[in-house]
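Working notes, beginning with the structure itself.
The values are calculated or read from the model by the stated rules, or taken from the named source; none is laboratory data. All values reported here derive from a predicted model rather than from experimental measurement. Every residue, glycine as well, gets a Cβ built from its backbone with ideal geometry; the counts of neighbours run over all protein chains shown. Heavy atoms of the whole protein, side chains included, go into the accessibility calculation; ligands, DNA and RNA do not. Shrake-Rupley method; radii C 1.70, N 1.55, O 1.52, S 1.80 Å.
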Amino acid sequence: MPQEIGQETVGSAELGRWLRTFADEVTDHADELTRLDSEIGDADHGSNMRRGMTAVVGKLDAAPDAAPAALLKSAGMTLVSTVGGASGPLYGTFFLRMGTSAGDRAEFDGAAFAAALRAGLEGVLTRGKAQLGDKTMVDALTPAVDALDAALADGASLKDALRAAATAAREGADATVPLVARKGRASYLGERSAGHRDPGATSTTLLLEAAAESLG
Ligand code: ADP
Ligand code: MG
């Protein structure tokens with residue numbers, strides 16, 4: 001078997017591929033995301049994310065030569081402005097902070113990409129004030145970023161590290177099922193929110209799976 005030769009850097013072309021793959025995943029899973037949100041929210045997470053990511057792809061098409069910082073900030077601003085729900089400002093902040101972390105670099109290496117994802121996570125924490133275990137997207141994003149750091153520190157390739165991050169995100173989303181929601185709309189249900197999977201943690205898993213598929 002020839003060894004898989006991955007690419008260890010992430011530039012604008014790769015970021016564009018990641019966002020387009022995420023948009024496809026969100027579209028493919030929009031009904032599932034909305035069904036999850038119908039159980040503990042207001043049944044709009046799938047349509048929110050599909051509308052937002054379709055607009056992001058439109059921006060990518062309109063500015064194919066944008067540098068990483070501009071590309072990520074445009075994605076973030078587009079999500080903030082096109083998604084009415086809580087998820088718009090949260091995902092928007094995530095990409096805006098990634099864009100700030102990019103600075104003027106043309107490419108991220110693995111460590112810089114992991115640092116940008118962590119900056120995005122910190123933006124979500126600051127903006128949404130959720131903690132781990134509150135049954136939100138933070139419960140998928142935190143273990144994913146931790147797993148990415150750990151795998152890179154162990155010498156894994158970017159591809160393998162992103163696969164580990166995607167697996168950790170899915171496990172984190174699975175672990176939201178028994179939790180009682182303490183943030184967002186689902187928290188209005190109190191104990192009745194237990195027994196359901198968090199929609200935002202589920203879409204965040206798609207974001208990490210899209211990264212593992214399209215980067216590295
Ligand atoms: P809305 O709740 O406004 O209808 P969405 O349905 O699009 O927005 O998104 C709901 C998801 O947003 C939740 O499943 C949860 O993961 C995430 N979420 C809500 N509030 C917060 C918060 N304060 N911090 C982090 N994530 C949150
Ligand atoms: Mg909703």
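How much area per residue is accessible in the chain when the probe is 1.4 Å and only protein heavy atoms are counted (Å²)? Could you put the intermediate results ahead of the total?
Numbers: 9440 Å² over 216 residues.
Per-residue accessible area for the chain comes out at 44 Å².
Mind checking the dipole of the chain: about its Cα centre, +1 per Lys or Arg Cβ, -1 per Asp or Glu Cβ, Debye to the nearest 20? Write down the numbers at each step before the final one.
Numbers: 21 positive and 30 negative charges, 155 e Å.
Around 740 debye, computed over the chain.
Lysines within cross-link reach of residue 183: Cα-Cα under 20 Å, excluding same-chain residues under 8 positions apart?
129, 135
So what is the calculated 222 nm ellipticity per residue for the chain, using -39500 (n - 2.57) for each DSSP H run with n of 4 or more, over all residues, to the nearest 500 deg cm²/dmol? Can you show the working numbers first?
On the way: 9 runs with 145 residues, N = 216.
Counting only the DSSP helices, I get -22500 deg cm²/dmol.
Using the reciprocal of the averaged 1/r over all distinct C-alpha pairs, how large is the Kirkwood radius of the chain in Å?
Details: mean 1/r = 0.0589 Å⁻¹.
So the Kirkwood estimate lands at 17.0 Å.
Can you give the accessible area of residue 149 in Å² (nearest 10), computed on protein heavy atoms with a 1.4 Å probe?
Taking all protein chains as shown, residue 149 has close to 60 Å².
Any chance you could check the Cα centroid distance between segment 1-54 and segment 129-144 for me, in angstrom?
18 Å
For residue 73, which aspartates and glutamates qualify as cross-link partners when the Cα separation must be under 13 Å and same-chain residues fewer than eight apart are set aside?
Reachable aspartates and glutamates: 104.
Tell me, what is the percent relative contact order of segment 9-211, built from C-alpha pairs under 8 Å that lie six or more residues apart?
Values: 367 pairs, mean separation 44.2, N = 203.
Once normalised by length, the contact order is 22 percent.
What is the packing order of peptides 22-30, 150-158, taking the mean over residues of other C-beta atoms within 10 Å and listing the highest first?
Per-residue mean Cβ counts within 10 Å order the peptides as 22-30, 150-158.
Would you mind calculating the gained length between residue 153 and residue 189 on full extension (0.36 nm times residue separation, minus the Cα-Cα distance), in nm to one decimal?
Additional length available on full extension: 8.9 nm.
Which residues' amide hydrogens lie under 5 Å from the amide hydrogen of residue 177, considering only partners 5 or more residues apart or on another chain, with H built in the peptide plane?
198
Taking the Cα centre of the chain as the origin and placing charges on Cβ (Lys, Arg +1; Asp, Glu -1), which of 186, 200, 54 is farthest toward the positive end of the dipole?
The residue sitting most towards the positive pole is 186.
Quote the FRET efficiency, to the nearest 0.05, computed for residue 27 versus residue 62 with a Förster distance R0 of 22 Å and r equal to the Cβ-Cβ distance.
The pair residue 27/residue 62 has a calculated efficiency of 0.70.
Heavy atoms only, probe 1.4 Å: what % of the accessible area of the chain goes to carbon and sulfur, would you let me know? Mind dumping the intermediate values first?
On the way: 4970 of 9440 Å².
Result for the chain: 53 percent of the exposed heavy-atom area is carbon or sulfur.
Under the 0.36 nm per residue contour assumption, what length would be gained going from the current alpha-carbon distance of residue 8 and residue 70 to full extension? Let's see the in-between values first.
On the way: separation 62, 0.36 × 62 = 22.32 nm, distance 2.12 nm.
Extra length from residue 8 to residue 70 when fully extended: 20.2 nm.
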